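Here's the structure, in structure tokens; my notes come after.
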Amino acid sequence: MVPDCPKCGLHFEREEGFFLGALMINLAITMGALLAVWIIGFAVTLPDVPVVALAVAAGLTAALTPIMFYPFSKTLWCALDIMLRRSMGEQFGGDGAQPGFHSKA
Ligand SMILES: [Zn+2]
């Protein structure tokens with residue numbers, strides 16, 4: 001991810017630790033995917049559940065989901081941050097000197 005938006009100049013990492021929210025989103029998505037693998041795996045294969053195969057599938061899900069979803073979680077977190085700051089009355093874009101924006105002029 002580039003540090004600043006190439007169009008409007010928004011600096012994405014507003015402060016130290018800003019992307020902890022993205023980490024939490026990534027964790028939640030990974031937990032959801034793991035739960036889905038186990039539940040769907042059990043539901044489809046009952047009564048003879050292949051526990052080892054399901055464990056391998058869960059392991060792969062646990063390892064690959066956070067890697068594949070990482071860029072999307074950062075984008076999602078930035079979008080949520082902008083949405084929340086907008087709802088609190090902050091203005092974005094234009095020539096306003098907002099915190100986190102670098103002047104492009
Ligand atoms: Zn932008």
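Throughout, read-outs are computed from the coordinates displayed, never taken from laboratory work. Remember, it's a predicted structure, so these values are computed and weren't measured experimentally. With ideal geometry, Cβ positions are generated from the backbone for all residues, glycine too; neighbour counts draw on all protein chains shown.
Which value, in nm² and rounded to one decimal, describes the direction-averaged projected area of the C-alpha convex hull of the chain? Intermediate results must be reported in sequence, preceding the final value.
Numbers: hull surface 33.9 nm².
Here the figure is 8.5 nm², rounded to one decimal.
When the helices in the chain are scored as -39500 (n - 2.57) per DSSP H run of 4 or longer and the sum is shared across all residues, what 222 nm value do you end up with, to the nearest 500 deg cm²/dmol?
-22000 deg cm²/dmol
For the chain, with the dipole built from +1 on Lys and Arg beta-carbon atoms and -1 on Asp and Glu ones, taken about the Cα centre, which of T75, V52, V37 lies farthest toward the positive end?
Towards the positive end, the residue furthest out is T75.
Taking a spot 7 Å from the Cα of R85 along the direction of its beta carbon, which residues of segment 10-29 have an amide N less than 13 Å from it?
10-16, 18-19
Would you mind giving the average projected area, over all directions, of the Cα convex hull of segment 33-87 in nm² with one decimal?
Computing the convex hull of the Cα atoms and averaging its projections yields 4.7 nm².
Treat each spin label as a single point 7 Å out from the Cα along the C-beta direction, and report the H11 to T75 distance in nm.
2.4 nm
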